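The values are calculated or read from the model by the stated rules, or taken from the named source; none is laboratory data. All values reported here derive from a predicted model rather than from experimental measurement. Cβ coordinates were reconstructed from backbone atoms using ideal geometry, including for glycine residues, and neighbour counts include every protein chain displayed.
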Amino acid sequence: MSERIESVLHEERRFSPPASFRASARIGDAATYQELYRRSLEEPDAFWSEVASELHWFRRWDAVLEWEEPFARWFAGGTTNLSYNALDRHVEAGLGNKVAFFWEGEPGDRRVLTYAEMLREVGTFANVLKARGVTKGDRVAIYLPMIPEAAIAMLACARIGATHSVVFGGFSAQALVDRIVDADAKAVITADGGYRRGKVLPLKPAVDEALQRCPSVETVITVRRTGSDVNMEPGRDHWWHDLAKHASPDCPAEPLDAEHPLYILYTSGSTGKPKGVLHTTGGYMVGTYLSTKHVFDLKPNDVFWCTADVGWVTGHSYIVYGPMLNGATQIMYEGAPTHPAPDRLWSMVDRYKATVFYTAPTAIRAFMKLGDAHPSRHDLTSLRLLGTVGEPINPEAWTWYRRVIGGDRCPVVDTWWQTETGAIMLTTLPGAHDAKPGSAGLPFFGVEPAIVDVDGNDVARDDGGYLVMKRPWPSMLRTVYGDDDRYRNQYWSEIPHVYFAGDGARRDADGYFWIMGRVDDVVNVSGHRLGTMEVESALVSHEAVAEAAVVGRPDEIKGQGIVAFVTLEGDRTGDDGLRSALRDHVAKEIGSIAKPDVIHFAEALPKTRSGKIMRRLLRSVASGEELSGDVSTLEDRSVVEKLTGAG
Ligand code: PRX
């Protein structure tokens, strides 16, 4: 937190929404946004009451917000249910035959699920969970590929008041253990496997390995997806289809307190242990509902496609909850974006006539590199709006996305938010605002951001600083699961009386925000958030490693890559064999996404006189930059000379 934040990106281009887009947009001019935004800050009770009233409540709230910093209760006293609002409400309104999901598996198999069918599937699975002894307040771990059962399982938990904890399928057995144990989960929902790049990604075997160390788990329910042979533990393990056969589809949604825990989602911070971000019911529902509606300008005939995995927050908020609360038709895809050919996604846009497409900058950069021929081969004229999320997007990738995918006609929204914020916080509204490539835009309704220095004082326009939120918002995290102190210390203490998000940013003269990236020890690899300390603890848990320091370095496609500096035990020497053993070890401890791109063996790590590793210096070494800045606190200068010479 002590390093100076310098803003270097200067981008002058602006892209206005086309007149035709503006004309039919939900919010078609800046003045309307401005008035609604003003109202959301000045009359928050009236503003949020109106939004919440568009959804179903079993009991209306007594107070819109009860705030005792840093603990919020939104819609206090109200009772509702997200599964009811995402399903029953639409079916009761006569939309039962509307398609909820056009789903495609990687091998090309297809399923179409309407809202009425989703309601039946969710009701059935909710009864399955109940029959297995899962009740309101229990935690359920979900470790699935991108198949409809992922959304069904989440909505079934929400229906009965069980709290889900989705674990990304790319995480290892060990990462699964950590998450199951921390949440004290009673049941695990998984599959025999999923398809990725033409291969079967085994999931059940990882669950079997994990459960040797998870005494809390009583039940495992497995979806048959690939037909691979799996071990079934009698008494504990059941096939989804066997249990579903005997269950009734009729399961009334439980009225839940607005602050009932909806889900836990683990995310990386600056310590070695991931944090269980806790989201609750009423505020999260209202926040994801409203942001989906306005940021994606959603209309009844849209075909919305968010390419995220349900293992990340984007899949929670902008596949399962936000779009379904809005009754949207969506595309869901299981596999790799370039399988079996680099035009897979574009062929699907064409086939399903997708209208709104939301993806990550990493994917955009990868597509840009693959060349214009792949998208050009398909009719993409159904698209009317594009979005990005997850990492800063470079203006070159932004303009490519707009020109080649959006045919120079689709507005692009760059949405900034986090696992912790639950919903989009900064964005342009596509019909109301000019977009500036590389800028996340303006605050969404009810969001009061600021750029401050370390003491919490506002910095001047265009100066870099820390991005903070000055007031609570409905979809905010409520705590770190089981650890209120950690919640307070991580988010509300470093800078007094504001939520500190971990990012550096600047705000330009027009009020647009430009995100400069994390200022803590978090790296963003292909839009996946990883703590450098987590990777370090994985490395030092290997018997050959004495000390490790991990930093990010810029990567053309992935945004950031991981570089590890490692010192070895005793007289061990580093070679390529050990490098690959260490990479495998990290994959085993966390998952393949955390494998270092580069491992430097070093005799010593550069430290200050008080023993702190000098990360700034390592970042410069990792990026191949000229070493500059103050190294006067460095304990042993020769360490740096050896490092810069190291391979
Ligand atoms: O650094 C910011 C970056 O991703 C972080 C949040 O990561 P996660 O909780 O995994 O959620 C990602 C999906 C919402 C932020 O602290 N980030 C997210 N969106 C953007 C971004 N950086 C720049 N521009 C964005 N649009």
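Tabulated results
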| item | result |
| --- | --- |
| Subset of the range 198-241 [under 29 Å from the mean Cα position of the chain (by Cα) and among the small types (G, A, S)] | G198, A206, A210, S216 |
| Restricting the range 128-140 to residues that are of a type in the set (A, V, I, L, M, F, W, C) and either buried (at least 16 other Cβ atoms within 10 Å of the Cβ) or under 25 Å from the mean Cα position of the chain (by Cα) (or both), the residue that is nearest to G193 (Cα to Cα) | V140 |
| Subset of the range 534-552 (residues that are out of contact with any Phe, Trp or Tyr (no Cβ under 9 Å at 6 or more places or on another chain) and away from the ligand (no atom under 16 Å from the Cβ)) | E536, S537, A538, L539, V540, S541, H542, E543, A544, V545, A546 |
| Which numbered condition S270 fails, given (1) assigned to a helix (DSSP H, G or I); (2) of a type outside the set (A, V, I, L, M, F, W, C); (3) surrounded by fewer than 20 Cβ atoms within 10 Å (Cβ to Cβ) | (1) |
| Single condition Q330 does not satisfy, out of (1) touching a residue at least 60 places away in the same chain (Cβ under 8 Å); (2) within 16 Å of the ligand (Cβ to nearest atom); (3) touching a helix residue (DSSP H, G or I) at 6+ places or on another chain (Cβ under 6 Å) | (2) |
| Any hit, the range 570-585, residues being hydrophobic (A, V, I, L, M, F, W, C) and under 23 Å from the mean Cα position of the chain (by Cα) | no |
| Top-ranked residue of the range 446-485 - restricted to ones that are among the small types (G, A, S) and surrounded by fewer than 22 Cβ atoms within 10 Å (Cβ to Cβ), ranked as nearest to the ligand (Cβ to nearest atom) | G464 |
| Long-range neighbours under 7 Å by Cβ, at least six apart or interchain, first residue free of Cβ contacts under 8 Å to residues at least 60 places away in the same chain and assigned by TED's automatic domain parsing to the domain that holds V447 within the range 292-314, second more than 16 Å from the ligand (Cβ to nearest atom) and among the basic types (K, R) | none |
| Residues located in the range 350-362, provided they are within 16 Å of the ligand (Cβ to nearest atom) and either surrounded by fewer than 21 Cβ atoms within 10 Å (Cβ to Cβ) or in a loop (DSSP other than H, G, I, E, B) (or both) | A360 |
| Which listed residue is buried (at least 19 other Cβ atoms within 10 Å of the Cβ), of a type in the set (D, E, K, R), within 27 Å of T362 (Cβ to Cβ) and in the same structural domain as A450 (by TED's automatic domain parsing), from R529, R506 | R506 |
| Candidates W48, W57, W61 - the one that is under 16 Å from F444 (Cα atoms) and either in the same structural domain as F296 (by TED's automatic domain parsing) or assigned to a helix (DSSP H, G or I) (or both) | W48 |
| Within the range 423-445, considering residues that are in contact with a His (Cβ under 7 Å, 6 or more places away or on another chain) and more than 27 Å from G311 (Cβ to Cβ), the one farthest from the ligand (Cβ to nearest atom) | L429 |
| Filtered residues of the range 370-391 (kept if of a type outside the set (D, E) and within 16 Å of the ligand (Cβ to nearest atom)) | L385, L386, G387, T388, V389, G390 |
| Any chance T338 is closer than 25 Å to Y143 by Cα, over 15 Å from the mean Cα position of the chain (by Cα), away from the ligand (no atom under 16 Å from the Cβ) and of a type in the set (S, T, N, Q) | yes |
| Hits in the range 524-570 - residues which are charged (D, E, K, R), touching a residue at least 40 places away in the same chain (Cβ under 8 Å) and within 18 Å of F601 (Cβ to Cβ) | E536, E547, R553 |
| Given (1) out of contact with any Gly (no Cβ under 6 Å at 6 or more places or on another chain); (2) assigned to a helix (DSSP H, G or I); (3) within 16 Å of the ligand (Cβ to nearest atom), number of the condition G276 does not satisfy | (2) |
| Some residue of the range 459-466 being at pLDDT 95 or above and within 24 Å of the chain's Cα centre (by Cα) | yes |
| Residues that are near the ligand (Cβ under 9 Å from one of its atoms), in a loop (DSSP other than H, G, I, E, B) and within 19 Å of I319 (Cβ to Cβ), drawn from the range 392-422 | W417, Q418, T419, E420, T421 |
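For (1) in contact with a helix residue (DSSP H, G or I) (Cβ under 7 Å, 6 or more places away or on another chain); (2) surrounded by 15 or more Cβ atoms within 10 Å (Cβ to Cβ); (3) not in a loop (DSSP other than H, G, I, E, B), each residue gets a yes or a no:
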residue	(1), (2), (3)
L41	no, yes, yes
N85	yes, yes, yes
W103	yes, yes, yes
P107	no, no, no
A116	yes, yes, yes
V122	yes, yes, yes
A126	yes, yes, yes
I142	yes, yes, yes
P145	no, yes, no
